[in-house]
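See below for the structure under consideration.
The values are calculated or read from the model by the stated rules, or taken from the named source; none is laboratory data. Note that the structure is predicted; figures quoted are calculated from it, not measured. We place every Cβ from the backbone using ideal geometry, glycine too, and count neighbours over all the protein chains shown.
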Amino acid sequence: MPSSPILSLSNINKFYGQKPNLFQALKNINLKIYSGDFISITGPSGSGKSTLMHIIGLLDNPSSGQIFLNKKDVSKLKEKQLAKIRNQKLGFVFQQFNLLKRTSSLDNVILPLIYSDLAKKEHKTRGLEMLKKVSLSDKIHNTPAQLSGGQQQRVAIARALVNQPQIILADEPTGNLDSKSGQQIIKLLIKLNQEGHTVILVTHDPKLAKIAKKVIIIKDGKIC
Ligand SMILES: Nc1ncnc2c1ncn2[C@@H]1O[C@H](COP(=O)(O)OP(=O)(O)OP(=O)(O)O)[C@@H](O)[C@H]1O
Ligand SMILES: [Mg+2]
């Protein structure tokens, strides 16, 4: 294992609300993620999994503590800089696939390339490559309504991969799927990890969490 983590959280606390109704959702979280890791974050409903995922994904600021991405402290950056880092370094997969409704699979997948340095003429090639990775080469022109739930989630995974992110973050990616489609998504995450992608899977399902190489259990905002 390499000596320095790609992502490191140091003494992270997260409060919601205002005094006297302050609620502490994360309590002194310390976590190191290395290249090639497959980590699951699990715990009961309300334990702080999504809050942690939003902080790891630079979608929300911690109330205190530091986040290092490739040794650089990113915890004090402004939203514009964070958006750029998110777009280049992180790929997100959510429970609700978050695809654009009237847009084809291919166009959904290449959407995050708008801000990339990749030449415009390469966008389609890259998009097709990603859709091939998720076994959807025959559905490139379909809109989300013309796809099954599992297929929509695979489009979302292709979109998460399109900028070749360092880390893929998946929050309950099988939550809206039947068990067979869910298994396909999990197999795909395992395959991506075997190909060298770093994967973080958030799930309330302890059985599902076990497929990761490392399981982190969170209860009442604390890592157990
Ligand atoms: N915006 C908010 N304002 C106030 N409290 C919040 C907010 N977001 C989350 N919380 C609280 O923080 C705690 C952790 O929420 P979080 O969404 O991280 O849980 P979770 O582990 O992802 O749960 P689930 O498995 O149900 O998705 C919960 O008690 C929740 O009520
Ligand atoms: Mg959640």
Elements of type helices (runs of 4 or more DSSP H) in the range 148-224, at least 2 residues being more than 13 Å from ligand 1 (Cβ to nearest atom), under 18 Å from PHE97 (Cα atoms) and without any contact (Cβ under 8 Å) to a residue 40 or more places away in the chain:
149-161, 179-194
Any residue in the range 75-89 that is surrounded by 19 or more Cβ atoms within 10 Å (Cβ to Cβ), part of a loop (DSSP other than H, G, I, E, B) and either within 15 Å of the chain's Cα centre (by Cα) or of a type in the set (A, V, I, L, M, F, W, C) (or both)?
no
Considering ILE6, ILE33, ILE39, which residue is at pLDDT 95 or above and over 22 Å from ILE186 (Cβ atoms)?
ILE6
Filter the range 55-74 for residues that are under 21 Å from ILE217 (Cα atoms) and buried (at least 17 other Cβ atoms within 10 Å of the Cβ); which is nearest to ligand 1 (Cβ to nearest atom)?
ILE55
Taking the range 31-71, which residues are out of contact with any helix residue (DSSP H, G or I) (no Cβ under 7 Å at 6 or more places or on another chain) and near ligand 2 (Cβ under 10 Å from one of its atoms)?
SER45, GLY46, SER47, GLY48, LYS49, SER50, THR51, LEU52, MET53, HIS54
Taking the condition assigned to a loop (DSSP other than H, G, I, E, B), among the charged types (D, E, K, R) and either buried (at least 17 other Cβ atoms within 10 Å of the Cβ) or touching a residue at least 12 places away in the same chain (Cβ under 8 Å) (or both), does ARG126 pass?
no
